[in-house]
Every structure is written in C-alpha cells, then in structure tokens.
Amino acid sequence: MSRANDRENVDRQALEALEGFGGPPRAFQQLNERSREVFRHVVDAFVETGEPVASRTIARRLGSSLSPATIRNVMADLEESGLLYAPHTSAGRLPTDIGLRLFVDGLLEIGDLSDDERRAIDSQCNGAGRSMAQVLTEASGVVAEMSRCVGLVIAPKSEAGLKHVEFVPLSENRALVILVDENGMVENRVMPLPPGLPPAKLIEAGNYLSARLRGRTMDEARQLIGDEIARNSAEIDTLTARVVEQGLATWSGGHDDGLLIVSGQSRLLDNVSALSDIERIRRLMEALETKKDILRLLTESQRAEGVQIFIGSESALFGLSGCSVIAAPLTDQNRRYVGAIGVIGPTRVNYARIVPVVDYTAKLIGRLIG
C-alpha cells in the first residue's frame, strides 16, 4: 500500500475516532491539561523538523514536569483519539490532519508582524507608479518570501477594457495567446492551431483582434467579432477567422474567473525530505499548472471574513500532495469579494507565522484596489 493510501486510512480512522467525541471542537474540550501540553509540543516539534516526534524529545522540551513513561502513555492516548499516528512501527508520532485542525482551531497562538515586516510588505506592494498586475505579482512574491512557501494571488475580476492581443507560435500546432488589458494585466494561454497554418495568419489574426478588442470588455469583443464573422463582414479570410474564433474560445468561461499568479513554486522542492513523497509534489505542480482546481479552492475563501486554513486531506487537491493552504479574501472598499491571496506549503508550515502575513497583505491589497 502506498504512503498516500496509508495516510488516507489514518485520516479516515482519525475522523471516525473524533466523531465519537462530537468532532474536533468537542475533542479539544475532552483533552486534559497534560494531554494538551504534550500534544502542543508534538505539533511544535513537527513544525520545526517535519520528522516523527519521539517521547524523549517531548521529555526534553518539558524538562522534569512529566516522566518519559507518562509522556509515552499520553502519546498513546492521543494516537487512540486520532490526533497522532505512527508512520512506522518503531518511529515517533506525527499529528494527523485532523490533529492539526484541532491544534489550529484550539491551541494555535497567532503571532504578530513586527514594524519592520509591515514596512517591508508596504514597500514591496506599493502601488505608486505600478499597474495593478505588478502590485499583485509583488504581493504573491512577498507572501512567498516571508512564508518560505508558494505564494498565490487570484487577480481581481477586472472590468477594464482590453488593449492588445498577440499570437506567438510555440510549435506547428500550438500558439501562446497574450492578452493585455488597459490596467496592464497580462494573461497568457495556450491554444491549438489548424494544421499547416502560415505564421502570417497569426499576425493577421492578432492585428484584427487588437483593433476590435481595444477599449472593450471580453464579452463586448466576443459579441462584436462573432456578429462580424457570422455576417461574413470580417476583413479576414476563412483560415484567419478560424484562428480568431479559437483565440476567443480560449477565454470562454475562464477569463472572468480571475487570473492566478503563482510565485516560488521551487520552494515545494525544499520540503521533499519532510513530505517524503516526490510523487505528491509532482501532482501539486501539475495542479498549479492547470490552475482550475486551485482557483476553485481559493475562491472558497470569499466565504470567510478573514484567513481560512485548508489542511491536507480537508481538500482532495491538497490531500494528494500532503500540503496545506492558508488564504484570505481580497475585498474592495465596499466589501465586495474581488480575489484572494494565500500560500501553499507542507502541512508542517508555521501557521502562527504565516496567518498574520497573509492577513496583513490581503488588507493592504484591498485598500489599494479601492
């Protein structure tokens, strides 16, 4: 059985055990002070090292307050309750995803940013002389840098008019479509090409679209161009018209969902030894490339007033990769949801450190959006 299946079985058994206590919040109430203290130190040690935590490690952290035998008994009870598990017979213990949820909801002490950290975020996300696209890219980069994780931003849904479109050939049957709006937001997508298409047709299609997109929203441009082609009044031949239609179809149903900006993907590889499964990282990398599931999950953050934390198996997407996401909604001055910002990292991320980084950056970007 694979590690992924092992972990899924552990988490399912943990959930069943916690349901006997009435779920994670009730389970937290069932823990006595000694169990809470041991569990907190297990999670703290796991966050620091990513390795299974042995009873002797907890004994050193607690000093002489509890005997090693007592600690082993407490850890055994926590395992039976579904909060810890042993990855190997002779190994120490790791928190389950359910255990991490209990820790985050009941034991986590959120830190605060220093004045220097706030100034660093303010400076890097300063909107003066920058387009919104540049500000959002900087925001993704700053949360990635300060969290040592992958930074994510869903760009606000823009009503800005379009400015320019260009087709760049990638191969005989694929091209990159580059779309720029009047706020400087740039979106790139790959589209298929008709067999044997001359390169000149890509230039002709780009010029035709740019002339009709300029100053219009995507919906307005689709309507105008669709009507022209239907009436055969477009000043292009059939082959170029196929490129134009394919280019428009590339954005159908997707452009208005928001643009995903990703920073620091290579940081996932920094934690391979802790995650112990390169296949999981590969799956997450693929998800970041396809973007659809990431967009859907981050969009769920609009349901919250502040930061939301999705831990491992709580999401099918991140459960496969052994990762967690910490995200906050981006809202304008009218408190309308326009996007989201967050980070992806291993489940052992420093939640107390990252939550204030994401929260402060989200509020700052919200003020800049206006």
Quick one: in the stretch 179-219, which of the residues that are acidic (Asp, Glu) and under 23 Å from Ile154 (Cα atoms) is modelled with the lowest pLDDT? Glu187
Which number in (1) open to solvent by less than 50 Å² (accessible area, probe 1.4 Å); (2) free of Cβ contacts under 8 Å to residues at least 60 places away in the same chain; (3) part of a helix (DSSP H, G or I) marks the one condition that Leu176 misses? (3)
Every residue from the stretch 361-370 that is open to solvent by 40 Å² or more (accessible area, probe 1.4 Å) and not basic (Lys, Arg): Leu368, Ile369
Taking the stretch 181-226, which residues are part of a strand (DSSP E or B) and open to solvent by 30 Å² or more (accessible area, probe 1.4 Å)? Val186, Asn188, Arg189, Val190, Pro192, Arg214
Tell me yes or no: at least one residue of the stretch 345-353 is aliphatic (A, V, I, L, M) and either at pLDDT 75 or above or over 25 Å from Leu113 (Cβ atoms) (or both). yes
Filtered residues of the stretch 87-109 (kept if open to solvent by 20 Å² or more (accessible area, probe 1.4 Å) and of a type in the set (D, E, K, R)): Arg93, Arg101, Asp105, Glu109
Pick from Glu37, Glu79, Glu33, Glu51: which is under 22 Å from Thr347 (Cα atoms), modelled with pLDDT under 90 and open to solvent by 30 Å² or more (accessible area, probe 1.4 Å)? Glu51
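The values are calculated or read from the model by the stated rules, or taken from the named source; none is laboratory data. Computed from a prediction, not measured in an experiment: that's the story for all the values here. Glycine also receives a Cβ, built like all others from the backbone with ideal geometry; neighbour counts cover every protein chain displayed. Surface areas here come from the heavy atoms of the whole protein model, side chains and all, with no ligands, DNA or RNA. Shrake-Rupley method; radii C 1.70, N 1.55, O 1.52, S 1.80 Å.
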